[in-house]
Amino acid sequence: MFAVPGEKLAEAEEFIPSEGAYEADGIVYAASIGSVRYDHDERTVRVVFPKRAPRFNVVNSIVYGRVAQTFDQYVVVELFPYNTKRYRLIPPSKYAVIHISNIRKGFVENARGEFGVGDWIRAKIVSIQKKRFIQLSTEGAQYGIIKAYCSFCRRPLVRKGPMLCCPRCKRSFKRKIANDYGNPKLPR
């Protein structure tokens, strides 16, 4: 059996997660791409990364994800696999990083001011190091936030020029917004 990140492998009552797997809410999921190995004697399940990994990801591929954490110099993004009619994109790692220098052209003072936790983004793979460490870029009009929610009341934000505004609490946020924010062109 071949698994992709986030794929359900077993119930936590049946198997304990091992290498390449994790447990959330009583369910064991794959944390990386690879072959699933069930050990019925030890009651464990693990995902083994293949020696010759299939080439699903290439530099300059477009990826979609949700911002998991923000820091002054970088942003951590949780990636999601997706299928199109032409190809299947499976991230080799569950998380990727956008460095402050890859957010937009020009000077960016703080990465926290460009993204918020929970924002849905579209980005481009800049590099994949050691088969698992993915660096992303949101430079360009088509890359950036495609859907965001207010940090205070969790309502969907509305775009007003270069800002995102909350219709309920009237707060405004300056973010790195994609040109099709609110109505993104998703892969088919």
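None of the figures in this text is laboratory data; all of them are computed from the coordinates on show. This structure is a prediction, so every number in the text was calculated from the model and none was measured. When we count neighbours, we look across all protein chains shown, and the Cβ atoms used for this are built from the backbone with ideal geometry, even at glycine.
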Exercise. Pick out which of Val126, Val77, Val63 has the largest mean-square fluctuation in a Gaussian network model of the chain, springs linking Cα atoms closer than 10 Å.
Key: Val126
Exercise. Pick out which of Glu14, Glu42, Glu114 has the largest mean-square fluctuation in a Gaussian network model of the chain, springs linking Cα atoms closer than 10 Å.
Key: Glu42
Self-check item: Choice from Pro167, Pro156, Pro81 showing the highest fluctuation, given a GNM over the chain with Cα pairs closer than 10 Å
Solution: Pro167
Exercise. Only bridges with both residues in the range 62-174 count here: give the DSSP antiparallel percent, nearest 5.
Key: 90 percent
Quiz item: Listed here are the pairs Lys8/Lys130; Lys94/Lys124; Lys105/Lys176; which of them are more than 21 Å apart at the Cα?
Solution: Lys8/Lys130
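Work out, in µm²/s and without decimals, the Stokes-Einstein translational diffusion coefficient of the range 2-48 at 4 °C, 1.567 mPa s, Rh from Kirkwood over C-alpha pairs. It would help to have the intermediate numbers written out before the result.
On the way: Rh = 9.9 Å.
Using the Kirkwood radius from Cα pairs, D works out to 131 µm²/s.
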Quiz item: Can you put Ser151, Ser93 in order, fewest other beta carbons within 10 Å first?
Solution: Ser151, Ser93
Practice problem: Taking a cut-off of 20 Å between Cα atoms, list the aspartates and glutamates near Lys170, but don't count ones fewer than 8 places away on the same chain. | Solution: Glu114, Asp119
Exercise. Run the numbers on the chain and let me know its relative contact order in percent, using alpha-carbon pairs under 8 Å that are six or more apart.
Key: 15 percent
Practice problem: Quick one: P(r) of the chain from all Cα-Cα pairs, 10 Å bins, percents rounded to integers, in order of increasing distance. | Solution: 9, 32, 31, 20, 7, 1
Quiz item: What's the longest bit of the chain with no exposed chymotrypsin sites (Phe, Trp or Tyr not before Pro), using DSSP loop states and at most 16 other Cβ atoms within 10 Å as the test?
Solution: 1-55
Quiz item: In debye to the nearest 20, how big a dipole does the chain give about its Cα centre with +1 on each Lys and Arg Cβ and -1 on each Asp and Glu Cβ?
Solution: 1280 debye
